[in-house]
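Readers should treat all values here as calculations from the given coordinates under stated rules, not as data from a laboratory. From a predicted model like this one, the values you see are computed outputs, not experimental measurements. Every residue, glycine among them, receives a Cβ derived from its backbone with ideal geometry; neighbour counts consider all protein chains shown.
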Amino acid sequence: MARKVPTRRELMAVLRANRLEAVDLSSKAGVARVHRLLGRAQRDLNERLRTAESLRGPGKDSFTATQLRATLAQIRDVVGSVVRPAIRGTTLDVGKDAAEGMAEGTIDYLQMADRAFTGVARPLGIREGALYDRAVAGSRSSILHRLEPDPRAGPGILDRYGDAVVSRFEESLGQRLLAQQPWEQVRDNLIADSPFLQQAPGHWAERIVRTEVMGAAGRASWESIRSADADLGDMAKILCATFDNRTGADSYAVHGQIRRPEEAFQWWEGLYQHPPNRPNDREVVVPHRVSWPIPGELQPRSDGDVAACWAREKRKGGPPPRPKMTTIPLEKFGAPPPAKSA
């Protein structure tokens, strides 16, 4: 019995589900590692805070400026030597996993989609090894660029967030210094209710991992499309949003947007080569050949759909004009590519 060829609808459903699941699993793995490293940093910091008691002079029971400076120095040391490097390693590791998954998924999808759209089982003619290597290398380069400080662009993500965390702790310690609280009380308060390790860092660490993993996945998808275009010559990239009760009007507005591999997508706030264009963005890029027809699932949503979502979000006025939806004439899609000259 002949094996059933999946329909375009089935292919698109599988593509979206697999990509979102891979990115979600990768980000969850990274978040779990972040929680573990923050726990280790919490214990390390607590031990260091206890050693600050030795700075008390005979008969001095209040929390002094000397103790404040020493405590802040230890906090900065924990941020620099424990938290930042661990988050950096976690993000790179999980980002690599996501990039590998996206590259493999792109190869599989292109092969399945070619058969579904053309009805012919034949080699697609892409250099899979080059596509895979380019996707993973591009993803790692992108993550490092955002995480590491750049003398021309300023501090990286970890430095910006790390400075903010230390500033919050400095403010807390300063308030307790002004109140002349005893050192034991200051120490116990910081250990029991630390905004450094129990509130803000848990939030910013998770946000860094999740956003960077999504960025790695998007970068890998884009690099895969660029690499495939070098072999096939007619690749396009199409934005695909996830539609549920959390989908924003901006996602409704850009769903189905078509660009050549090197051309940037556009949303109401600017340009971007691939998702995410903001934290918690769940759009994905679908690789598509111009010689294939565009399936219904990738057709743009109507202006009415965009306006209805805008109204549900209780925004004032009406939505801005929609960006240009395609830079490739739609009549070109579904036409066989011109034969290559000998």
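Figures for the structure shown
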read-out: Order of Lys332, Lys314 - criterion: other Cβ atoms within 10 Å of each residue's Cβ, fewest first; value: Lys314, Lys332
read-out: Principal semi-axes in Å for the range 193-247 [√(5λ), Cα gyration tensor, largest first]; value: 36, 16, 4
read-out: Rg/Rg_globular for the range 217-283, with Rg_globular taken as 2.2 N^0.38 Å and Rg from C-alpha atoms; value: 1.13
read-out: Radius ratio Rg over Rh of the range 30-162, counting only Cα atoms, Kirkwood formula for Rh; value: 1.28
read-out: Relative exposure of Ser227, Ser194, judged by other C-beta atoms within 10 Å (fewest first); value: Ser194, Ser227
read-out: Ranked Asp234, Asp159, criterion: other C-beta atoms within 10 Å, fewest first; value: Asp159, Asp234
read-out: Pairs of lysine residues in the chain - Cα separation under 21 Å, sequence separation of 8 or more or cross-chain; value: 5
read-out: GluC sites (Glu not before Pro) lying in DSSP loop within the range 227-318, provided at most 11 other Cβ fall within 10 Å; value: Glu262, Glu269, Glu313
read-out: Among 65-73, 202-210, the order from most to least packed when residues are scored by Cβ within 10 Å on average; value: 202-210, 65-73
read-out: With Cα atoms, 0 to 90° folded angle of helix 200-232 axis to the chain main axis; value: 30
read-out: Gain on full stretching of the segment that runs from Ser141 to Gln111 - 0.36 nm per residue minus C-alpha separation; value: 8.1 nm
read-out: Protection proxy ranking, peptides 45-51, 89-95, average beta carbon neighbours within 10 Å, highest first; value: 89-95, 45-51
read-out: Residues Gln180 and Leu124, FRET efficiency given R0 of 51 Å [Cβ-Cβ distance, rounded to 0.05]; value: 0.10
read-out: Estimated dipole of the range 234-342 in Debye, rounded to 20 [Cβ of Lys and Arg +1, of Asp and Glu -1, Cα centre]; value: 120
read-out: Potential extension, Arg48-Ser81 segment - 0.36 nm per residue separation minus Cα distance; value: 10.6 nm
read-out: Charge-dipole axis of the range 7-232 as Lys and Arg at +1 and Asp and Glu at -1 on Cβ define it, positive-most pick from Ala179, Ala164, Val79; value: Ala179
read-out: R0 of 56 Å, Cβ-Cβ distance Ala335-Gln198: FRET efficiency to nearest 0.05; value: 0.40
read-out: For the chain, diffusion coefficient by Stokes-Einstein and Kirkwood Rh (Cα), 10 °C, 1.306 mPa s, µm²/s; value: 69
read-out: Relative contact order of the chain, defined on C-alpha pairs under 8 angstrom at six or more residues apart (%); value: 20
read-out: Positive-pole candidate from Gln273, Leu144, Ala192, dipole of the chain, charges at beta carbon; value: Gln273
read-out: Between 0 and 90°, nearest 10: helix 65-78 axis offset from the chain longest Cα axis; value: 30
read-out: Largest-first ellipsoid semi-axes for the range 234-342, taking √(5λ) over the Cα gyration tensor eigenvalues, angstrom; value: 29, 14, 12
read-out: Degrees separating the helix 157-178 axis from the principal Cα axis of the chain, which is the longest one; value: 30
read-out: Dipole magnitude (debye, nearest 20) for the chain, charges at Cβ of Lys, Arg, Asp, Glu; value: 300
